Amino acid sequence: MFFKLIQIFGDPKSLFGAPIIQLFGTPFNLGDALLLTVGLYLWINFSSLATQILQWLFGSEKIESREISKAIFTLLRYGLIGFGMFVIVGTIGINPTVFGLITGGLSVGIGLGLKEIISNFVSGIWLLMEGSTKPGDVINLNLLDSSSEAFQIAKITECGLRAVTVTNAGDHSERIIPNNLFFTNQITTYTKNHNIIARKSYFGVSYGSDPNLVIKLITDVVTSHPEVLSDPAPSTMFIAYGDSSLDFYVKFFI
């Protein structure tokens with residue numbers, strides 16, 4: 001069977017080494033095409049597998065270090081892929097000057113058409129290494145939205161290289177926010193250094209109500225809630241005479 005294939009297609013070395021086309025003065029054969037496609041595909045998969053093994057062996061299990069570890073191994077993976085691409089290009093024998101011109105043209109295209117993607121990628125790497133945002137953090141989205149609401153409390157569920165996924169506490173909807181918005185905007189976080197969050201709830205009662213009784217009733221009800229901390233203790237304050245009500249707020253910690 002092997003000899004029949006040789007008779008049909010000729011010597012394999014000659015078959016894979018015969019030039020197909022000329023690319024920028026460099027002969028390009030079937031072996032180069034296989035190396036550029038199959039070889040690059042296998043190298044990308046090998047780089048991903050090797051990075052996952054290293055992360056499993058040396059990655060940190062601590063929550064505060066997990067995101068930094070993820071960023072480091074992500075950079076390692078892309079570094080291996082880039083190294084493999086340069087090795088393959090060098091093996092094929094493409095003229096370095098031509099390759100430099102091509103990459104220069106691609107950089108212009110990236111700067112014009114893909115700058116948002118590159119910005120999100122770089123911002124994502126920086127945020128992961130810095131650890132300023134991590135899954136589980138509770139943040140306020142009011143500065144990232146055109147809504148007039150003062151509080152849009154959300155919980156970060158995932159930090160990716162392109163975007164951060166958060167779950168809105170108000171309606172339990174998920175939002176995917178580009179990383180560069182977290183990098184260039186001021187974000188209010190309630191869980192950067194601790195997990196205790198102070199909240200205020202405003203309300204009014206009709207004129208003629210006993211303010212002392214209102215304060216006692218509301219404070220007792222809030223204190224009895226299982227998720228409200230007893231230390232610091234909840235407190236209810238009278239703040240103003242409204243147009244049609246006595247206005248209060250209750251402050252509590254969760």
Among F183, F252, the single one that is part of a strand (DSSP E or B), surrounded by 15 or more Cβ atoms within 10 Å (Cβ to Cβ) and not β-branched (V, I, T) is F252
Assigned to a helix (DSSP H, G or I) and either under 33 Å from the mean Cα position of the chain (by Cα) or within 30 Å of S119 (Cα to Cα) (or both), is that true of F151? no
Among (1) assigned to a loop (DSSP other than H, G, I, E, B); (2) at pLDDT below 80; (3) closer than 30 Å to E116 by Cβ, the one test that N193 misses: (3)
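The values are calculated or read from the model by the stated rules, or taken from the named source; none is laboratory data. This is a predicted model, so every value here is computed, not measured. All Cβ positions, even for glycine, are placed from backbone atoms using ideal geometry, and neighbour counts span all protein chains on display.
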